[in-house]
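Notes follow the structure.
Values in this text are rule-based calculations from the coordinates and carry no lab data. If you're wondering where the values come from, they're calculated on a predicted model, not measured in any experiment. As a convention, Cβ positions derive from the backbone with ideal geometry for all residues, glycine included, and neighbour counts pool all protein chains shown.
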């Protein structure tokens, strides 16, 4: 589990500094393709010059990208944000999701076991801006007994999508 510099204002998500072609592992991230012959994920330069994720899916199979676990503590507050672009032939869903790991409480005691709240935060891009990009932004607070979170990009779609400026910042 990573414990990055969680000082307010720092992006807790770490991305590669160089291009990572489709089919290659992206350091620190886990990629799952529902159909590796009809889907691909790459980290690289987007058409506007920014670094970001390029996603392609020729069938509406599940696809996800997950960050490493990030240590958190109860009452911490975070803002998750990013920009999403979808091709004109995009059909399906795409969301930025936060999963949460917390200790299980049995009676009045906390056990050594944990549970995962898979969809603790789900944020789909909503309004398309004039430049074709949609904003994803959500502020949330960490509940009691929480230990870690993971940020994921999840989709089940046909078409192409790009994500950039993805960040998770701790608030004061």
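Annotations
- Full extension of the segment from residue 93 to residue 71, taken as 0.36 nm per residue of separation minus the current Cα-Cα distance, would add 5.1 nm.
- Residue 48/residue 106 FRET efficiency (R0 45 Å; Cβ-Cβ; nearest 0.05): 0.30
- Panel values: the chain, Kirkwood radius from alpha carbon pairs, Stokes-Einstein at 25 °C and 0.890 mPa s, translational diffusion coefficient 145 µm²/s.
- Mean Cα-pair separation over length for the stretch 30-171, i.e. relative contact order, pairs under 8 Å, 6 or more apart, %: 39 percent
- Point-to-point label distance, residue 127-residue 22, nm (Cα→Cβ direction, 7 Å offset): 3.3 nm
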